[in-house]
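Chemist: Below you will find the structure I want to go over with you.
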Amino acid sequence: MSQLSLEVMANSVKKLEVMFTQQMDEFKGRIDKTASPSRATTCSLATEFSTFKDFIIGALQILQNQLQVISSEVDNIEMRSRRKILLLHGVPEANNEIISEVIVQTVVQKLKLDHFNKSAISRCHRMGRAATTDKPRPILFKLLDTEVRNKVWFAKTDLKGTGITMSEFLTKSRHDTFMAARQRFGISKCWTKDGCVFVLAPDGLRHHISSQQDLDKMLQMSAKKAPVRVVEPVVASRSRRALATAAAKK
């Protein structure tokens with residue numbers, strides 16, 4: 001987000017603050033001047049209060065929308081900074097291991113990328129504290145070159161059946177959105193690419209989402225497009241109707 005955009009938002013918030021203060025001061029002053037309000041005055045105050053309440057709700061909605069814009073921009077920036085980072089899950093963990101060598105061995109042997117070596121890795125480490133169970137910690141590794149990163153990423157299909165999986169290093173917001181989408185549509189219908197979440201909806205369309213708000217909108221659209229099943233009445237044939245009539249007469 002540019003500095004100009006941030007300044008515009010700051011000025012907008014400042015104007016709202018000034019308007020809040022003026023409206024509240026004027027409203028309080030009118031109430032203080034009314035010692036024993038008549039019915040007409042009471043109705044007028046109630047109307048003005050309702051108008052002021054609507055104004056505050058609208059202003060808060062504006063603030064909320066601005067915060068969503070800022071949050072989305074920050075998330076995009078953070079995701080771009082992670083574009084060369086990948087995660088390996090399920091790689092056995094050993095004492096005194098050299099993580100870079102573990103990564104190279106996994107990529108060369110499992111992904112069949114023979115030319116991959118440690119010089120392609122910018123940094124790497126196990127995530128989290130030392131494992132207290134048999135489940136190994138994920139390995140985070142950042143690559144120096146985007147092209148190498150893409151080769152490693154698109155070769156991940158060779159990991160099928162090995163017990164090892166690979167994923168992108170999503171931001172918390174996108175990870176939560178991805179998990180919610182998988183829970184709603186199924187694992188096979190959701191995937192990520194370049195930090196973006198893709199969902200194959202029941203209508204057969206592929207949707208690109210990056211936040212919970214995007215997922216909610218997609219669910220609403222899918223609900224509106226869901227076909228209504230119409231059950232048509234079954235019309236009996238002439239012979240069946242004749243048999244039914246004869247049976248009824250008996």
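Chemist: Please determine, by comparing only the residues of the stretch 120-145 that are surrounded by fewer than 11 Cβ atoms within 10 Å (Cβ to Cβ) and not aliphatic (A, V, I, L, M), which one is nearest to H89 (Cα to Cα).
Modeler: K135
Chemist: Additional query: Of all residues in the stretch 48-105, how many are among the β-branched types (V, I, T) and under 30 Å from the mean Cα position of the chain (by Cα)?
Modeler: So the count comes out to 10.
Chemist: In the stretch 87-119, which residue that is in a loop (DSSP other than H, G, I, E, B) and in contact (Cβ under 8 Å) with a residue 40 or more places away in the chain is surrounded by the most Cβ atoms within 10 Å (Cβ to Cβ)?
Modeler: Only one residue fits best here, namely V91.
Chemist: I've got another one for you. Could you list, ordered by first residue, the pairs with Cβ atoms under 7 Å in which the first is in the stretch 153-165 and under 22 Å from R82 (Cβ atoms) and the second is of a type in the set (G, A, S) and modelled with pLDDT under 95, at least 6 apart or interchain?
Modeler: That search, which allows pairs on different chains as well, returns I164/G90; T165/G90.
Chemist: Same structure, new question: Given the conditions (1) out of contact with any strand residue (DSSP E or B) (no Cβ under 7 Å at 6 or more places or on another chain); (2) modelled with pLDDT of 95 or more; (3) within 18 Å of T157 (Cβ to Cβ), and given that L88 satisfies all but one, which numbered condition is not satisfied?
Modeler: Result: L88 fails condition (1) only.
Chemist: Pick from K225, K193, K217: which is modelled with pLDDT of 90 or more and surrounded by 11 or more Cβ atoms within 10 Å (Cβ to Cβ)?
Modeler: Result: K193 is the single residue among K225, K193, K217 that is modelled with pLDDT of 90 or more and surrounded by 11 or more Cβ atoms within 10 Å (Cβ to Cβ).
The values are calculated or read from the model by the stated rules, or taken from the named source; none is laboratory data. Bear in mind that the values here come from a model prediction, so they are computed numbers and not experimental data. No Cβ is skipped: glycine too gets one built from the backbone with ideal geometry, and neighbour counts run over all protein chains shown.
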